[in-house]
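First up is the structure itself, then whatever we jot down about it.
Nothing in this text is a laboratory measurement; each read-out follows from the coordinates by a stated rule. What you see is a predicted model; the values in this text were computed from it and never measured. Cβ atoms come from the backbone with ideal geometry, glycine included; neighbour counts cover every protein chain shown.
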């Protein structure tokens, strides 16, 4: 009996590397085929003249990039992508910190409030965005109604929230922040609850006020978790196309296009795969930077 | 003493105020969906009416319209079907991979795990153009199978990551003991590790399913006919006829589709968050 079990164990150990490879290779193969493969195909398309419905394609060098860089729509798209990503992140981090502090203290009904606060994040964003499209409707907007009722605007004279370029940009920015705020809040809340209670209490005993405790003791301890919230937030907003597509479809006059929505408009709706692929490749530099910082956070967490 | 008392009241007032303001800002669009869903059209589209009140009797017409005159039910079915199949594929790929990376391959497993996590950062908006050609090449245009093929690209990496953390928390000695008792390594995995990991696996199931329901870009790119839509694309695109928005039905659809998803996600939220925080919280 003892011999038998010893034998089984040694076989199990000897088989381990092979078994291990057999267990992870389907997933790795799938990812190589459907993530890495298409990624390189996108690079390949960007240097070609590929179009939907045309099987022939030729190598055209940097031609696509040259014409993109000269297009005003592209410059607007890259500017908007950066505005939406950075400004929404600033709003979200300020708001989420305040909200996380407020939610940390227990109070009656906290579970239900948390559910309500989380709705923008957990409900499908396409549906949240269509809700906003109704709130910002050109005629029946409830926001306009309130502003008219408060005499900020004359009846029928309220602004077209999604019809004027600057207001449309502000609206998209607002919806992005609305969507991301719950996510950052729960991440920061997780970070706060992980801080041992006696540290801020000791600071309070030593005479540090609320704000000093927050800024000099809690915030520094929250740095890793804050960077996680920011890095994911940047990615989610930068690569998103749903909010813009539903609210404005890039309009009016391409004024709210972002890199992903312009890539869709040209590459899929306009059948110009090469141009679409070239535009979407402009997402890569920021993604690489974010991945680098993400690895640093993960590495630091491993070492300490 | 009175000063201290009043400052405590102040801090309570500020606390309540902060929570109230944020809750209203964040939840208002959903509250508005509820209001709109049950209002008659005459009420919705009369500008003199106070939109916060029911100026005419509440109605179920929009819901009736949604369930009988549109393909809404079909879209719910499509979404559920794709969700279930993608969950199955994700489990088949991710559970063994996560176990193997957590246990068998040591330092290498760690690196491969991080590499897989990084693929989660490659967004659909970067891949949808080349993938649209792959889908066309495979003859899967306008088929739900196109989505089933592609959705695991974003569900598998994150699931492997979540499960790796889970499997690492199971003590190795447990499997060693089982192997001494005559089970093979794979046998120990199937008969021992999987049963005690049910809650981790359930987390992946819910996470995968909600990700499928939230996806938009691939469904928009690959699916064209009305009857093959998912809820995320069908509602915003096909409930609009020409330029006419059926706001009552639209809002009812958003509400019916998002509340169950939100509820499911909420139940498992803390686990998802621990996946996102990549060990930045101990």
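With Rg and the Kirkwood Rh both taken from Cα atoms, where does Rg over Rh land for the protein assembly as shown? The Rg/Rh ratio comes out at 1.00. Considering chain B as a Gaussian network with a 10 Å cut-off on Cα pairs, which listed residue, B:247, B:161, B:32, attains the greatest mean-square fluctuation? Maximum among the listed residues: B:32. Exposure proxy shown here: for A:300, B:8, B:133, the number of other Cβ atoms within 10 Å sets the order, fewest to most, as B:8, A:300, B:133.
So if I take the centroid of the Cα atoms in the range B:59-91 and the same for the range A:230-247, what is the distance between those two points in Å? What the calculation gives is 25 Å, centre to centre. Quarter the surface of the alpha carbon convex hull of chain A and you get the mean projected area, 26.8 square nanometres.
Using the Cβ-Cβ distance between residue A:300 and residue B:263 with R0 = 45 Å, the FRET efficiency computed as 1/(1 + (r/R0)^6) comes to roughly 0.80. Given springs between every Cα pair under 10 Å in a Gaussian network model of chain A, which of A:213, A:237, A:256 has the largest fluctuation? Comparing A:213, A:237, A:256 in the GNM, the peak value goes to A:213. To the nearest ten degrees, helix B:198-214 and the longest principal axis of the Cα atoms of chain B are 40 degrees apart. Rounded to the nearest 10 degrees, the inclination of helix B:2-37 to the longest alpha-carbon principal axis of chain B is 80 degrees. Rounded to the nearest 500, the helix-only mean residue ellipticity at 222 nm of chain B stands at -22500 deg cm²/dmol, with each DSSP H run of n ≥ 4 adding -39,500 (n - 2.57). What relative contact order, as a whole-number percentage, does chain B give when Cα pairs under 8 Å and 6 or more residues apart are counted? After rounding, I find 28 percent. Summarising the label geometry, the points placed 7 Å from Cα in the beta-carbon direction at residue A:59 and residue A:79 lie 3.6 nm from one another.
Placing dummy labels 7 Å off each Cα toward the beta-carbon, the span from residue B:24 to residue B:143 is 5.3 nm. Counting Cβ atoms of other protein chains within 10 Å of each Cβ in B:166-175 and taking the mean gives 0. Measuring r between the beta carbons of residue B:115 and residue B:243 and using R0 = 41 Å, the FRET efficiency lands at 0.30. Using the average count of surrounding beta-carbon atoms within 10 Å as a protection proxy, the listed peptides B:234-241, A:70-77 rank, highest first, as B:234-241, A:70-77.
Modelled label positions at residue A:219 and residue A:25, each set 7 Å beyond Cα in the direction of Cβ, lie 5.3 nm from each other. Peptide B:27-36 has a mean shielding of 6, counted as Cβ atoms of other protein chains within 10 Å of each residue's Cβ.
Secondary-structure-derived ellipticity at 222 nm for chain A, considering helices only, amounts to -22500 deg cm²/dmol, per-run term -39500 (n - 2.57) for DSSP H runs with n ≥ 4. For the peptide B:262-273, the mean number of other protein chain Cβ atoms found within 10 angstrom of a residue's Cβ is 4. Of all the options A:240, A:198, A:49, the one that moves most in a Gaussian network model of chain A with Cα springs shorter than 10 angstrom is A:198.
Sorted ascending by nearby beta carbons within 10 Å, beginning with the fewest, B:264, A:222 become B:264, A:222.
Relative to the longest principal axis of the C-alpha atoms of chain B, give the angle of the C-alpha long axis of helix B:106-119, reported between 0 and 90° and rounded to the nearest 10°. Roughly 20 degrees between the two axes.
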